[in-house]
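Inspection log for the structure reproduced underneath, given as structure tokens.
Just so you know, all these numbers are worked out from the coordinates, no wet-lab data involved. Please read all numbers here as calculations on a predicted model, not as lab measurements. Don't worry about glycine lacking a Cβ; one is built from the backbone with ideal geometry, like all the others, and counts go over all protein chains shown.
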Amino acid sequence: MLGDNIYGGTEMTGGGSPRRFPTEFDRYYKRFEDHGVEFRAVLGNHDMQTANGRYEIEDRKRFGMTGALGYYKFSSPVKFNVEGRALVDFFAFDSEIHGSPMADQIDWLKSALKQSSALWKVVYMHRPLYTPKGRHGPDLSLRKAIEQPLKDNGVQLVLAGHNHFYGRMKPIGHIEYLVSGGGGRNLYRSQPDDCTEKTRSEFHFLALEVYPDKIHLWAIGGDGKVFDEATIDPAFLASPAKDCMAR
């Protein structure tokens, strides 16, 4: 879950309130929990409106944030190894903190990425480092702080929300950046540019299948139809993003 998990009653108040968990979370997701699905969320700006997201962090049954400050690492539960390496490691990054807590988190991310020997490394957060044009631009300060460690440590996929639409970028620096923010709130208009492979203003969810040699993804709309599909593999990530000038 890419943040803004619990919206408030207005745009400015009530996000992240535990009073809203039954209607905004259980109403939709309990049926998945009953079948053993585990959720692993990060915080968004709206989640911070109540106690800086503390109630979501502490509710591990619902949101699965195992880090006390909202950032953490976990590995795929799939029992699969190649030469003793995990299939995929996920790094949940809290884009909503600032100052020394953010500096500590960046140090943690660098160390955790360096120690990971997984075949695939996926980082996910709320605010995008790259995004199609829309209501929110990319978080340039965050990009400056962590983009190079992502490249240096072999991250292949970065997921974000914040913009209420779907946007898949062309590979930038051997990394695929993808925005998936069409989870149910009002949609934003998106505009493709030279760095955008596919964008669409539609309610949707993102499905990934991870293999040793590739990640296959589908963007599935509210009507159940696939409107984007792609395979991420080394050749795809190495393909030049023609005409893309990183903003």
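Would you check if there is a residue in segment 72-80 being surrounded by 15 or more Cβ atoms within 10 Å (Cβ to Cβ) and farther than 20 Å from Asn5 by Cβ?
Yes - at least one qualifying residue is present in segment 72-80.
For residues that are farther than 18 Å from Ala145 by Cα and in contact with a Pro (Cβ under 9 Å, 6 or more places away or on another chain), tally how many sit in segment 87-124.
The qualifying residues number 3.
Tally up the residues in segment 166-206 that are on the phi > 0 side of the Ramachandran plot and in contact with an Asp or Glu (Cβ under 8 Å, 6 or more places away or on another chain), please.
1
Consider Ala68 carefully, then state whether it is hydrophobic (A, V, I, L, M, F, W, C), in a loop (DSSP other than H, G, I, E, B) and surrounded by fewer than 16 Cβ atoms within 10 Å (Cβ to Cβ).
Here the answer is yes, as Ala68 does meet what is asked.
Part of a loop (DSSP other than H, G, I, E, B), of a type outside the set (D, E, K, R), under 24 Å from Ser239 (Cβ atoms) and touching a residue at least 12 places away in the same chain (Cβ under 8 Å): which single residue out of Pro138, Pro149 fits that description?
Just one listed residue meets the conditions, Pro138.
Restricting to segment 84-101, name every residue that is out of contact with any Phe, Trp or Tyr (no Cβ under 9 Å at 6 or more places or on another chain) and either in contact (Cβ under 8 Å) with a residue 60 or more places away in the chain or within 17 Å of Pro128 (Cβ to Cβ) (or both).
Ser95, Glu96
Kindly evaluate Gly167 against the criterion of being part of a loop (DSSP other than H, G, I, E, B) and touching a residue at least 24 places away in the same chain (Cβ under 8 Å).
No: the conditions fail for Gly167.
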